[in-house]
1. When the expected Rg is taken as 2.2 N^0.38 Å, what fraction or multiple of it is the alpha-carbon Rg of the chain?
2. Do any chymotrypsin sites (Phe, Trp or Tyr not before Pro) in segment 122-173 lie in a DSSP loop with no more than 14 other beta carbon atoms within 10 Å, and if so, which?
3. Quote the relative contact order of the chain in percent (integer), defining contacts as alpha-carbon pairs under 8 Å separated by 6+ residues.
4. Running a GNM on the chain with Cα contacts under 10 Å, which residue among Ala48, Ala119, Ala147 ends up with the highest mean-square fluctuation?
5. Where the centroid of each part is defined by its Cα atoms, how far is segment 67-82 from segment 121-142 in Å?
6. Restricting things to alpha carbons, tell me how big segment 85-124 is in terms of Rg and Dmax, in Å.
7. To make sure I understand the rule: partners must be aspartates and glutamates, Cα under 14 Å from the Cα of Lys161, and not fewer than 8 residues away in the same chain. Which ones qualify?
8. Given Cβ point charges of +1 (Lys, Arg) and -1 (Asp, Glu) and nothing else, what value in debye, to the nearest 20, does the dipole of the chain about its Cα centre take?
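We did not get these values from a lab; they are worked out from the coordinates using the rules stated. Quick caveat, the model's predicted, so the values are computed rather than measured. Positions of Cβ are backbone-derived with ideal geometry, glycine not excepted, and every protein chain shown enters the neighbour counts.
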Amino acid sequence: RWTRPTCPPRAPKAGMASTVLNLLTILLMGWLSLTGRLSFIDADTIPANLADWLSASATTLLFGIVIIAGFNRLEFEFSKAQQQVDLTLNDLKNERNNLEKNVSEGTRQLRRINEISRAISSILNPEELLPRVVNLIANEFDCYYTAIFLLDTTDQWAELKEATGDAKTNPRLYNLDE
């Protein structure tokens, strides 16, 4: 089973350290250049003044801030997307479990129906068949009420032929047009 690795956010700390290191390098180079301790190889190079070094430092600082803010935003959005993926994955797992449960229940019911059909297919006497079918259905499916009705030739009346429990005391004929 794969799990998402967790690691502490490094973008702000690494970005700040990099920006500070760049600023210190620029300031050191500027100080060395302005005090004459550092000379450039090319003699035609115009030495930068204090404003140039400050401008380069400010630009580096602004770029550092923008990059750090961008990485923070990216990390935040990635974290939100990962949470959404985790929720969706959990929903899919729950749905799969529900489907497996439904398939299992359907398989169990088909097995019961198959057992009932095997049991009743061997009964040839109609007087034994209906009571046996009603009892098998009631027992196999844990029904508190099971009844078999047969229609007359006009399809207007249904007659209770066999039932379990209190259904045996119900009226025997039902008008289907009412």
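1. Values: Rg = 42.3 Å, N = 178, 2.2 N^0.38 = 15.8 Å.
That ratio works out to 2.68.
2. On the way: sites: Phe141, Tyr144, Tyr145, Phe149, Trp157; in loops: Phe141, Tyr144, Tyr145.
The qualifying sites are Phe141, Tyr144, Tyr145.
3. Working: 122 pairs, mean separation 22.4, N = 178.
Value for the chain: 13 percent.
4. In the Gaussian network model the winner is Ala48.
5. Cα centres, segment 67-82 to segment 121-142: 67 Å.
6. My reading of the Cα-based Rg and Dmax gives 17.5, 60 Å.
7. Glu127, Glu128, Asp152
8. Values: 18 positive and 22 negative charges, 232 e Å.
Dipole magnitude for the chain comes out near 1120 debye.
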